[in-house]
Every structure is written in C-alpha cells, then in structure tokens.
Amino acid sequence: MLWKGRRQSGNIEDMRGSGGGFSGGGMRFPGGGFPGGGRRGGGLSLGGLIVVGLVLWFLGINPLVLLDGNMGEASYGGGSTAIERPRGGEPDEMRDFVATVLGDTEDTWAEIFKADGKRYKATPLVLFSGQIRSACGFASAASGPFYCPGDGKIYIDLAFYDELRQTFGAPGDFAQAYVIAHEVGHHVQDLLGVLPAFNERRQSLGKAQANALSVRVELQADCYAGVWGHYAEQKGLLERGDLEEALNAATQIGDDAIQKRTQGYVVPESFNHGSSAARKRWFKIGFDTGDTESCDTFSSARL
C-alpha cells in the first residue's frame, strides 16, 4: 500500500506509555484461573492475551466483561512485550501508518456523506499499550481492536498486528488497514443509527438471535471497509497483492476459521462476526462497487 507522504489524521490519541497501560510481559488472572478454560500455570503473555481475546470475541464472549474488575488483582512479570511510544522524537512508523490510513478513511467518508447531504464526524483513534479504560469499560490487549459507541472512539493496541501476522497468518499493510477500516465502518454505522438500533433490539433477543443479528452488523462493517478500499484503489494507493492481503485477513478471522483453529469443530449458531466466506464476500462487494447501498446485509438472504 502506497501510504507514505500522505495526509495523516489529527485524530490520533496516543496513550501508549502514559500510565494507563502496563509493561509486564507475563500476566495471571486472580487465583491463576483462566477465563473460559482450565487453570494454567504461570502467567499469560500479552501475545497470548490478544489471541484469547480474539477467540472470545469471535465466539460471542465479550472480553471487556470478563476482564473488567479483575485487573486490579493481576500480577505482572518482567520484560515488556507492549509497544511503547518512541522517545525523543524517534520515528514511529506504525503510528504514522495508522494516522495515514485513518486520515484517508476520513477523506473518503466525508465525500460519501457529503454526496448524500450529510456531514461526516470523524472518530478519534486511541493507541494504547496493555490496558486502558474506555467509555465501554475496561479494555486490555485481549480485547483486540474495537469501536466504543459510548465515546465514539476506536481503540487499538498495535501489538495486535503482530498476532494478526504471526498467529493468524494475515501479514501485510493492507491487511492492517482493513482492520482500521472495519472499525471505522462501525463508526459509520453508529452515525447512521445502525449500532444504536442493534444495541436496543438485542436486549429483547435470545442469544442465538442476537448472534445472528450481530453477524449482519459485522458483515456490514466489512462491506464498508471494502467501500473505503474501493476508493483507495481509485486513488492509486494499492499495490499488487494488497487486495489479496485484505481478503486473506477476512478469511483468517472468520468465525469458522477461529473455531476450527481453537476447538477443532464449528458451531454456526455461535457465530457473531460471520464465516470466513461471508466476511471475504462482503468486503469484496464493497470493494467492487464502492457503493454503500450494496452493503445492506440486513435485507440480504445470502450472507
């Protein structure tokens, strides 16, 4: 992806190393217990927490709920694995990359909203290391990247990208950009009233129904990410293989792929983000059309 030298968003809140994070490499839950599983000896590394958080998130368990209130009793080992902010004006390429991608999503969505007679309100993106408190509650690296409707901000620990590449087999800068664009897609849904309607409706739904509706919400965010990718390609920002990077990332983090990797079998009724095929398909729909109207996952009979 040709991103260097382009406008960077001014909506980056860099909280790495600000005191809201931790620098411990090892970590244990109170009593040595492990949420959602058996007891384990020793600590759980930051990288392990990210993987666990992704698995919990994709299986329908909100890691924010599991972790909130427990961290005060957590113990920390030595050796930092968190990505800290460079000191003394040192280059920070990952921050620059995130700020550039966010800036381009701002430009793209501002034009799309303007064409529809609306005004796009940009979302801040918070970089943190280890842990942070958002309006949606306590968050750690285990939460993975997320959008919080409570404060309208995106949160990401950049260590997630190491796990995306190493554990999930989804390398590449456009795969990383897809992650940001997906969370921006949730912000767009928030501005359009989709997220508020979903959060209100799911209160009266059973778990299976809420999961099914959640899948449609997530696939629409994938489609919106594809819409942004469409315009990025039109601007000449994509290089050979970039689209394949994003499609591979969508495939690797599908609910079925996650379940096969972690438990060896698939439980479709527990999906809340969508299958690999569905995530790949809806990103490609947005990418091919560049049309938000094509992203109506709620009316579509086929996911």
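Read-outs throughout are calculated quantities, based only on the coordinates presented, and are distinct from any laboratory measurement. This structure is a prediction, so every number in the text was calculated from the model and none was measured. So basically every Cβ, Gly included, is an ideal-geometry build from the backbone, and we count neighbours across all protein chains shown.
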Between E200 and L303, what length comes free when the chain is fully extended (0.36 nm per residue of separation minus the Cα-Cα distance, one decimal in nm)?
34.8 nm
Gap in Å between the Cα centre of the stretch 90-147 and the Cα centre of the stretch 238-256?
20 Å
Please identify every one of the trypsin sites (Lys or Arg not before Pro) in the stretch 92-199 that sits in a loop by DSSP and has no more than 15 other beta carbons within 10 Å of its own beta carbon.
K118, R119, K121
Between L2 and R261, what is the FRET efficiency for a Förster distance of 45 Å, r being their Cβ-Cβ separation, to the nearest 0.05?
0.90
